Amino acid sequence: MRGAAKVAICAACHGPEGSKPIAGMPALSGQQEEFLVLQMILLREGLRDVPAMSGMLKTFNDRDLIDIAAYYSAAKPFTNSGNERNPQRYALGAEISKAMGCGSCHMGNYAGQRQVPRITSQREDYLTSALKAYRDNQRSGVDTSMNAVMYKATDADIAALAHYLAHQ
């Protein structure tokens, strides 16, 4: 499969097919290819600060990143096999997602599109930390739209939203 030989460095944290990540790491399998390429370029160029990724992609050229993204994008999407769905948190998360308009960019099924990530069935712990980072201006995308959406979200809102998205 295209890119398979290039993902060895990624597999240590994200899993061999991007579907068995270690705690706190995002699942990459089934992710939008354009999103993955963009994120890896931002990481490689030092425009996105993720300490665990510091320097990991320095030796990769653009073709390498495109191949890695193609590999993970073509892999079977991650499904959350973690904790049980909590009906109250799930329902609250659904309400928060609707109020925040998450489906307008991430699509109604949260599968993402082009440079917008797939957030359905993502790791709950990763979603929680990412959403808090957006809220606290410790992370931004190619623009600040996520920061604006998350600006007034409470920790409880974020926990419910992450639970809802992780249990799709």
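Computed values, structure above
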quantity: Pairs, first in the same structural domain as Arg114 (by TED's automatic domain parsing) and closer than 17 Å to Tyr90 by Cβ in the range 135-159, second surrounded by 17 or more Cβ atoms within 10 Å (Cβ to Cβ) and small (Gly, Ala, Ser), C-beta under 9 Å, six or more apart; calculated: Asp157/Gly93; Ala159/Gly93
quantity: Selection within the range 124-140 - out of contact with any Pro (no Cβ under 7 Å at 6 or more places or on another chain) and either among the small types (Gly, Ala, Ser) or assigned to a helix (DSSP H, G or I) (or both); calculated: Glu124, Asp125, Leu127, Thr128, Ser129, Ala130, Leu131, Lys132, Ala133, Tyr134, Arg135, Ser140
quantity: Any hit, the range 52-60, residues being in contact with a Pro (Cβ under 8 Å, 6 or more places away or on another chain) and without any contact (Cβ under 8 Å) to a residue 60 or more places away in the chain; calculated: no
quantity: Where Leu127 falls short, out of the listed (1) among the aliphatic types (A, V, I, L, M); (2) under 16 Å from the mean Cα position of the chain (by Cα); (3) more than 30 Å from Ile41 (Cβ to Cβ); calculated: (3)
quantity: Among residues of the range 144-168, those that are farther than 19 Å from Arg118 by Cβ and not basic (Lys, Arg), counted; calculated: 11
quantity: From Gly24, Gly46, Gly30, residue being touching a residue at least 24 places away in the same chain (Cβ under 8 Å), outside the structural domain of Glu124 (by TED's automatic domain parsing) and surrounded by fewer than 20 Cβ atoms within 10 Å (Cβ to Cβ); calculated: Gly24
quantity: The listed residue being surrounded by fewer than 17 Cβ atoms within 10 Å (Cβ to Cβ), under 25 Å from Cys13 (Cβ atoms) and small (Gly, Ala, Ser), out of Ala159, Ala133; calculated: Ala133
quantity: Out of Ser104, Ser121, sole residue that is among the hydroxyl-bearing types (Ser, Thr, Tyr), part of a loop (DSSP other than H, G, I, E, B), farther than 23 Å from Leu47 by Cα and not assigned by TED's automatic domain parsing to the domain that holds Gly18; calculated: Ser121
quantity: In the range 142-163, the residues that are more than 19 Å from Asp125 (Cα to Cα) and out of contact with any Phe, Trp or Tyr (no Cβ under 8 Å at 6 or more places or on another chain); calculated: Val142, Asp143, Thr144, Ser145, Ala148, Tyr151, Lys152
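The values are calculated or read from the model by the stated rules, or taken from the named source; none is laboratory data. If you're wondering where the values come from, they're calculated on a predicted model, not measured in any experiment. Every residue, glycine among them, receives a Cβ derived from its backbone with ideal geometry; neighbour counts consider all protein chains shown.
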